[in-house]
Every structure is written in structure tokens, then in C-alpha cells.
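S.K.: Sending over a structure as C-alpha cells; questions will come in a sec.
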Amino acid sequence: MLVEPGSVKMLELEEYVCGVVLAEMPASFEEEALKAQAVVARTYALRRLEQGDRHSEAVICADSACCQAYLSREAYLQSRGTAADADKIARAVEATTGLVLTYNGALIDATYFSCSGGRTEDAAAVWGTDIPYLQSVASPGEENAAPYRKQVTFTPAEFSAALGRELTGSPESWLGMATYTEGGGVASMVIGGISYTGTELRRLLGLNSTAFTMTAENGGITVETLGKGHRVGMSQYGADAMAATGSTCAEILSYYYPGTRIDKWSAMG
């Protein structure tokens with residue numbers, strides 16, 4: 001079952017997976033990237049079904065901040081794309097029917113995100129738990145992606161309000177030492193004498209990712225981010241870049257989830 005705003009729907013698995021790919025990945029992406037997204041979306045949903053710990057009324061919801069985004073074909077045609085686009089995505093999903101990702105015979109936590117900014121992050125750096133198949137890997141070819149780089153500037157008052165504390169003195173004096181993860185994200189940063197984790201600062205400041213640099217200039221604080229999302233697992237723009245240079249769905253998945261294999265869900269015990 002799927003929770004949408006104001007409703008709960010019962011969907012067949014493949015119908016649901018198609019709706020996720022319609023919502024989560026542009027139809028302009030390469031077919032092999034769309035196939036990879038379908039396998040990941042299916043695995044994610046079935047893993048949620050196994051765990052059953054996120055929603056009391058349904059297996060999964062349509063909020064991408066919690067589970068996965070979802071669009072019915074009708075909603076997609078009204079708001080986003082053409083029938084040809086929807087058909088292209090449907091073919092990619094059909095080509096992967098029933099396929100899932102496993103590690104040591106079990107479904108994986110198939111996390112994914114928009115754009116890495118050049119390198120993915122390992123799970124331990126973001127969620128504190130080391131997962132063998134969610135490790136930091138280079139993700140080239142994303143440089144032309146819209147979310148690859150973003151810059152935002154805060155006035156001193158805006159910056160203080162976002163952190164929820166009063167910062168005194170000049171902005172230049174606020175920024176202290178920073179440490180970084182293997183994936184290039186901020187592990188910790190001292191601001192106004194207090195140490196924050198990169199994930200805390202991403203949340204408080206509304207940043208695209210934890211891969212950011214922070215500078216005090218022109219009387220304010222400028223933050224430049226690379227990538228968009230938690231950066232753990234498969235980069236969608238990275239998958240498209242791999243597909244554009246000839247990588248198959250299987251090659252994309254084995255790269256972003258090392259040590260995993262593709263299995264038929266119906267054949268699993």
C-alpha cells in the first residue's frame with residue numbers, strides 16, 4: 001500500500017515502480033540509467049515491506065524526503081511529460097520486471113540521490129552505520145548537471161537565525177576549523193565556538209548537500225555546495241553519465257553498490 005496526501009492506495013508492485021521512476025528520474029536520461037533506477041526503486045520498496053517500520057497505515061509513502069516520490073501516469077502527463085516520455089520509462093521498468101539488488105542473499109538498503117558533486121559518500125559518514133555496499137566512490141561526468149553546484153549567501157542575521165543562536169562580532173570571526181569525510185563532505189565545522197556536524201549544518205541552513213565550503217565575505221556568509229542529496233548509494237546524474245558512455249544497468253548498479261548482485265525477487269526464499 002502507498003500513502004499519498006489524503007489517501008491510501010493499493011498498487012501492484014510494477015505499477016508502483018513505474019510511478020516512482022516517472023517521479024524520480026527525467027525521461028531524457030539514458031535507458032540503462034532508467035533501468036537502474038527501476039531496480040533500485042523496486043528494491044527500496046520491498047525492503048520497506050520487509051521492515052514495516054515507517055508507516056502504520058501503509059508500506060511506503062509518496063514523500064521523497066521520507067520514502068520515494070511517486071506519480072501516476074495520469075499525473076505525469078498532466079504535470080511533467082509526454083506520452084512518449086511515459087512510454088520510454090514504462091519500457092525501462094518492464095525490462096527489469098522483478099529484479100532486485102541483494103547482498104549476501106538479502107535485499108539491500110537501496111539508497112539513492114540526485115547528484116554527488118563528483119564523489120558519493122559512505123553510509124557511516126551520514127548515518128553513523130558502516131554498510132559494506134554503501135561506500136564512497138568517484139562519480140564523474142556530473143559537471144553539467146543543474147544541481148552540481150549551488151551558491152547561497154546569508155546575511156549575518158539570516159545565518160544567526162538559521163543556527164538558532166546569537167552570533168556576535170564579525171562573520172569572519174565565526175568560522176573555525178572544519179574536518180572532512182572521505183566523500184568530500186563536511187564531517188564537522190566549528191562556528192562561533194561550537195562544533196556542528198555537516199549533516200546538522202545541511203539541515204539548519206537548508207543546503208543541497210554536506211559537500212560544502214563556507215566563507216565570510218562582503219559582510220555575510222557564502223556557502224557553495226556540490227551535489228544534491230545525502231550522497232549515499234547511487235547518484236542519478238552519475239548513473240546517466242555512466243550510461244551515456246556505454247555502461248549497462250548491471251554495471252551501474254555494481255559500481256554504486258559494490259559487492260551486490262541482481263536477483264529475481266520471485267526466486268528469493
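The values are calculated or read from the model by the stated rules, or taken from the named source; none is laboratory data. On a predicted model such as this, the values are computed, not experimentally measured, just so you know. Every residue, glycine as well, gets a Cβ built from its backbone with ideal geometry; the counts of neighbours run over all protein chains shown. For the accessible areas, the whole protein counts, side chains as well, though only heavy atoms, and no ligand, DNA or RNA atoms are used. Shrake-Rupley method; radii C 1.70, N 1.55, O 1.52, S 1.80 Å.
S.K.: Looking for something farther than 20 Å from residue 184 by Cβ, touching a strand residue (DSSP E or B) at 6+ places or on another chain (Cβ under 6 Å) and not basic (Lys, Arg) - is there at least one such residue anywhere in the range 69-91?
M.R.: So in the range 69-91, the residues farther than 20 Å from residue 184 by Cβ come out as 69-91.
Then keep just the ones that are touching a strand residue (DSSP E or B) at 6+ places or on another chain (Cβ under 6 Å); that gives none.
Within the range 69-91 (the criterion being farther than 20 Å from residue 184 by Cβ, touching a strand residue (DSSP E or B) at 6+ places or on another chain (Cβ under 6 Å) and not basic (Lys, Arg)), the answer is no, since none of the residues qualifies.
S.K.: I need the helices (runs of 4 or more DSSP H) fully contained in the range 77-190, keeping only those with at least 1 residues that are of a type in the set (Asp, Glu) and open to solvent by 50 Å² or more (accessible area, probe 1.4 Å). Before the answer, list the steps.
M.R.: Values: elements: 83-95, 123-127, 156-163.
Ranges flagged: 83-95, 156-163.
S.K.: What is the residue count in the range 244-269 for residues that are open to solvent by 80 Å² or more (accessible area, probe 1.4 Å) and either part of a loop (DSSP other than H, G, I, E, B) or not aromatic (Phe, Trp, Tyr) (or both)?
M.R.: Final tally of qualifying residues: 7.
S.K.: Considering every residue within the range 6-16, establish whether at least one is surrounded by fewer than 21 Cβ atoms within 10 Å (Cβ to Cβ), modelled with pLDDT under 95 and among the β-branched types (Val, Ile, Thr).
M.R.: For the range 6-16, residues surrounded by fewer than 21 Cβ atoms within 10 Å (Cβ to Cβ), modelled with pLDDT under 95 and among the β-branched types (Val, Ile, Thr): present.
S.K.: For residue 65, are the conditions met, namely being more than 20 Å from residue 14 (Cβ to Cβ) and loosely packed, with under 14 Cβ neighbours inside 10 Å?
M.R.: Numbers: more than 20 Å from residue 14 (Cβ to Cβ): yes; loosely packed, with under 14 Cβ neighbours inside 10 Å: yes.
Judged against the criteria, residue 65 is a match.
S.K.: Additional query: Can you name the residue in the range 217-232 that is in contact with a helix residue (DSSP H, G or I) (Cβ under 6 Å, 6 or more places away or on another chain) and buried (at least 24 other Cβ atoms within 10 Å of the Cβ) and is also farthest from residue 186 (Cα to Cα) among such residues?
M.R.: Once the filter is applied, the top-ranked residue is 221.
S.K.: Does any residue of the range 196-205 turn out to be hydrophobic (A, V, I, L, M, F, W, C), open to solvent by less than 40 Å² (accessible area, probe 1.4 Å) and either more than 29 Å from residue 268 (Cα to Cα) or without any contact (Cβ under 8 Å) to a residue 60 or more places away in the chain (or both)?
M.R.: Kept after step one, since they are hydrophobic (A, V, I, L, M, F, W, C), are these residues of the range 196-205: 201, 204-205.
Going one step further and asking which of them are open to solvent by less than 40 Å² (accessible area, probe 1.4 Å), we end up with 201, 205.
Okay, now just the ones that are also either more than 29 Å from residue 268 (Cα to Cα) or without any contact (Cβ under 8 Å) to a residue 60 or more places away in the chain (or both), so 201, 205.
Scanning the range 196-205, I find at least one residue that is hydrophobic (A, V, I, L, M, F, W, C), open to solvent by less than 40 Å² (accessible area, probe 1.4 Å) and either more than 29 Å from residue 268 (Cα to Cα) or without any contact (Cβ under 8 Å) to a residue 60 or more places away in the chain (or both), so the answer is yes.
S.K.: Give the range 148-207 a look and list any residue that's under 19 Å from residue 228 (Cβ atoms) and of a type in the set (S, T, N, Q), or say none.
M.R.: Residues satisfying the conditions are 151, 153, 181, 197, 199.
S.K.: Can you confirm whether residue 100 is farther than 25 Å from residue 224 by Cα, touching a residue at least 24 places away in the same chain (Cβ under 8 Å) and of a type in the set (A, V, I, L, M)? Break it down into steps so the answer makes sense when it comes.
M.R.: Values: farther than 25 Å from residue 224 by Cα: yes; touching a residue at least 24 places away in the same chain (Cβ under 8 Å): yes; of a type in the set (A, V, I, L, M): yes.
The answer is yes for residue 100.
S.K.: Same structure again: Evaluate the range 206-216: report whether one residue or more is open to solvent by 20 Å² or more (accessible area, probe 1.4 Å), touching a residue at least 60 places away in the same chain (Cβ under 8 Å) and either under 27 Å from residue 116 (Cβ atoms) or not in a strand (DSSP E or B) (or both).
M.R.: Scanning the range 206-216, I find at least one residue that is open to solvent by 20 Å² or more (accessible area, probe 1.4 Å), touching a residue at least 60 places away in the same chain (Cβ under 8 Å) and either under 27 Å from residue 116 (Cβ atoms) or not in a strand (DSSP E or B) (or both), so the answer is yes.
S.K.: Okay, moving on. Please enumerate the residues belonging to the range 57-97 that are of a type in the set (Asp, Glu) and either without any contact (Cβ under 8 Å) to a residue 24 or more places away in the chain or within 20 Å of residue 114 (Cα to Cα) (or both). Don't jump to the end; show me each part of the working.
M.R.: The initial filter retains those residues of the range 57-97 that are of a type in the set (Asp, Glu), namely 57, 63, 74, 85, 87, 94.
Once the filter is applied, which keeps residues that are of a type in the set (Asp, Glu) and either without any contact (Cβ under 8 Å) to a residue 24 or more places away in the chain or within 20 Å of residue 114 (Cα to Cα) (or both), the range 57-97 yields 63, 74, 85, 87.
S.K.: When you check residue 50 against the structure, is it outside any strand (DSSP E or B), open to solvent by 40 Å² or more (accessible area, probe 1.4 Å) and touching a Ser or Thr at 6+ places or on another chain (Cβ under 9 Å), yes or no?
M.R.: It is false that residue 50 is outside any strand (DSSP E or B), open to solvent by 40 Å² or more (accessible area, probe 1.4 Å) and touching a Ser or Thr at 6+ places or on another chain (Cβ under 9 Å).
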